[in-house]
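Only one structure is covered here, and it is reproduced in the block below.
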Amino acid sequence: MTTEPVARVDDLRVTFATDGDPVVAVKGISLEARAGEVLAIVGESGSGKTVTANTLLGLLPETATLGGAVVIRGTGAGETDVVHASAAQLRSMRGRDVAMVFQEPSTALNPVYTVGWQIIEGLQAHEKLSKKDARARAIDILRRVGIPHPDTRVDDYPHQFSGGQKQRIVIAMTLVLGAGLIIADEPTTALDVTVQAEILELLRACRDEFGATIVLITHNMGVVADLADRVIVMYQGDIVEQAPVAELFAHPSEEYTKQLLDAVPHVGRGKSAVQDASAAAPASPPADAVVVADKLQIAYPGRFGSRGVVAVKGVDFWIAQGEVLGLVGESGSGKTTIGRAMVGLTQVVEGSLKVLGTELRGSSSRKLAKLRPDIGFVFQDPATSFNPLLTIAECIAEPLVAHGRASSPARARARVDELLEAVRLPTAYGDRYPHELSGGQRQRASLARALALGPKLLIADEPTSALDVSVQATVLELFAELQRELGFACLFISHDLAVIDAVADRVVVLRHGVVREQGSTVQVLTEPKDDYTKRLLASLPVPDPVEQRARRAAWIAANAASGA
């Protein structure tokens with residue numbers, strides 16, 4: 001590894017013009033990304049890390065005013081000063097010298113073109129290649145990033161790939177031109193832990209085999225411990241600390257860094273740390289169980305006479321009164337399908353699903369309507385579940401008005417203010433619109449809306465997956481406090497086992513619509529019996545570089561032994 005920087009930032013200042021006062025997003029920072037290293041930039045939302053990353057590619061909007069210098073060293077001898085570069089110079093630099101892996105590959109890929117066409121487009125924009133040679137290069141890079149059968153899949157469209165495969169394709173697009181600098185902006189946030197581990201291995205290969213320098217933008221400290229060589233911590237547009245990864249985790253010097261690390265959930269520090277490992281989990285549901293599923297089967301009907309998809313295949317589980325049941329598994333395992341079935345949004349085709357004493361299989365719309373006031377739902381992305389044209393108070397008042405508890409949002413305002421105080425939001429925030437709240441504030445408002453009718457059962461579908469670690473810790477603490485005070489039962493759906501450990505009393509592990517394992521949190525997370533559960537736990541990165549190095553070696557060995 002050489003010390004010559006691939007990217008250098010000197011006294012960078014970024015200010016955005018708004019209808020009100022200008023917003024200073026980055027306040028004179030300096031940093032460099034050295035050849036062959038993984039540089040992680042971490043911090044909460046609003047810290048300026050993504051603005052800094054976008055500056056390296058010249059992707060800031062016209063409302064941004066830049067100061068200082070941002071210099072990218074090309075694969076040849078040339079350099080590009082991004083701050084003063086022309087549009088033509090930026091186009092020439094992007095893809096060839098620096099490329100980006102976006103957080104959500106589904107939005108980065110064009111749905112109307114094949115993945116091969118999109119890779120070839122970048123090649124032909126920078127190199128003079130025949131169609132045959134460009135196609136051969138596209139197939140080769142797809143093979144090198146682990147896409148199976150690349151010679152045929154090169155002609156497939158983005159929707160025909162899984163989330164992890166789409167992220168591999170986006171990485172292939174950054175590698176095909178040999179970019180010396182890859183900016184990875186939250187590349188694993190939306191992925192399951194097993195797929196996340198595979199993508200992290202691929203990013204490591206980008207550095208080790210392709211010789212790329214990686215700037216990693218993330219709020220997942222486990223990912224930082226797994227992949228990064230050096231870490232920069234940002235807060236409110238400033239760099240507060242930077243150090244080699246082992247030094248930062250072992251001896252953080254700044255108070256903000258210590259708080260950031262303390263907020264990271266760990267398997268073994270939640271419910272599994274306080275439960276009695278020797279106590280056997282109940283083998284059958286109690287008589288007063290809130291939810292009982294017996295050989296539950298849920299299917300989606302096919303279109304135009306085609307065979308439907310069986311998403312849940314004869315599962316058994318229950319939720320006792322006042323209990324939090326954690327439901328974990330990869331995408332496509334049937335987690336969300338079960339949550340939707342519990343509120344009557346998905347049809348039960350076989351077996352039994354009783355919710356609050358009501359059998360949902362074959363239930364009429366009238367029966368379901370009577371049941372719904374007793375069930376609250378917290379969605380994964382509150383930004384899309386709120387009506388952007390309504391204030392937060394009007395959004396929270398919706399269930400109260402819909403179920404006749406109040407005649408209008410104005411009449412419900414006293415109850416809304418109580419709910420806002422319960423979720424630790426100022427009552428004045430009720431007069432704001434959803435876009436005026438941060439992600440964590442919106443999720444707290446979403447929790448307030450779910451609790452508006454005093455439900456006996458709450459369904460939380462990945463409620464913290466898109467939140468920063470410190471915000472996530474606040475939301476989880478709030479959730480646990482409200483659950484203890486109000487005593488509602490809860491189905492908590494997540495792919496993050498550390499989050500499940502923080503809140504769940506029992507855990508059900510689901511794969512391909514089948515329950516692989518269930519039991520108390522301490523039993524499932526510390527003494528798993530099923531190989532799939534063990535693989536989930538092994539795939540979860542921990543915020544400790546030394547421990548994570550050993551875990552990664554064990555994960556690679558286990559995959560090699562199983563042929564995965």
Computed for the range 328-460: size of charge dipole around the Cα centre, +1 on C-beta of each Lys and Arg, -1 on C-beta of each Asp and Glu, debye to nearest 20, value 420 debye
Provide the percentage of antiparallel DSSP beta bridges, counting only those with both residues in the range 5-262; round to the nearest 5.
-> 60 percent
Residues LEU59, LEU327 arranged by fewest to most Cβ contacts within 10 Å = LEU59, LEU327
At a Cα cut-off below 19 Å, give the aspartates and glutamates reachable from LYS132, other chains included and same-chain residues fewer than 8 away excluded.
-> GLU121, ASP140, ASP151, ASP155, ASP156
Can you grab the distance from the C-alpha centre of the range 146-216 to the C-alpha centre of the range 38-69, Å, no decimals?
-> 22 Å
Pairing the Cα long axis of helix 115-126 with the longest principal axis of the chain, what angle in degrees results, from 0 to 90 and rounded to the nearest 10?
-> 20 degrees
For the chain, what does -39500 (n - 2.57) per DSSP helix run (n ≥ 4), summed and divided by total residues, give at 222 nm, in deg cm²/dmol to the nearest 500?
-> -11000 deg cm²/dmol
Among VAL51, TYR532, VAL469, whose Cα sits farthest toward the positive end of the charge dipole of the chain (+1 at Cβ of Lys/Arg, -1 at Cβ of Asp/Glu, about the Cα centre)?
-> TYR532
On a 0 to 90 degree scale, rounded to 10, what angle separates helix 545-562 from the longest Cα axis of the chain?
-> 80 degrees
Tell me which lysines have Cα within less than 29 Å of LYS131's Cα, excluding those fewer than 8 residues away on the same chain?
-> LYS166
In percent, how large is the relative contact order of the chain, given Cα pairs closer than 8 Å and 6 or more residues apart?
-> 16 percent
If you rank THR80, THR15 by fewest surrounding Cβ atoms within 10 Å, what's the result?
-> THR15, THR80
Add +1 for every Lys or Arg and -1 for every Asp or Glu among the other residues with Cβ under 12 Å from the Cβ of VAL509, and state the total.
-> +3
Step through the table entries LYS313/LYS529; LYS456/LYS529; LYS258/LYS534; LYS271/LYS529, compare each Cα-Cα distance with 25 Å, and write down the pairs that go over it.
-> LYS456/LYS529; LYS258/LYS534
May I ask you to compute the full-extension gain from ARG432 to HIS266, defined as 0.36 nm times their residue separation minus their alpha-carbon distance, rounded to one decimal in nm?
-> 56.3 nm
Along the charge dipole of the chain, which of GLY332, ALA179, ALA69 sits closest to the positive end, that is, farthest toward it, with unit charges on the beta carbon of Lys, Arg, Asp and Glu (+1, +1, -1, -1)?
-> GLY332
Where a ≥ b ≥ c are the square roots of the eigenvalues of the C-alpha gyration tensor, would you call the chain rounded, which needs a/c under 1.5, or, failing that, prolate if a/b is larger than b/c, or oblate?
-> prolate
Note down the net charge around PRO252, summing +1 for each Lys or Arg and -1 for each Asp or Glu among other residues with Cβ under 11 Å from its Cβ.
-> -4
What size of dipole, in debye to the nearest 20, comes out for the chain about its Cα centre when the only charges are +1 on Lys and Arg C-beta atoms and -1 on Asp and Glu C-beta atoms?
-> 1900 debye
Going by how many other Cβ atoms sit within 10 Å of their own, how do ILE396, ILE375 line up, fewest first?
-> ILE375, ILE396
Nearest-20 debye value, the range 5-262 charge dipole, Cβ charges on Lys, Arg, Asp, Glu = 1040 debye
All aspartates and glutamates inside 13 Å of LYS27 as judged from Cα atoms, apart from same-chain residues fewer than 8 positions distant = ASP10, ASP11, ASP238
Identify, among MET93, ALA393, GLY351, the residue whose Cα sits farthest towards the positive end of the charge dipole of the chain, taking +1 on the Cβ of Lys and Arg and -1 on the Cβ of Asp and Glu, with the dipole about the Cα centre.
-> GLY351
Quick one: helix 439-450 against the long Cα principal axis of the chain, what's the angle to the nearest 10°, folded into 0 to 90?
-> 10 degrees
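Taken together, the values in this text are just the output of simple stated rules run on the coordinates, not laboratory data. These figures come from a predicted structure and were not determined experimentally. Because the Cβ atoms are built from the backbone with ideal geometry, glycine has one as well, and the counts that use them run over all protein chains shown.
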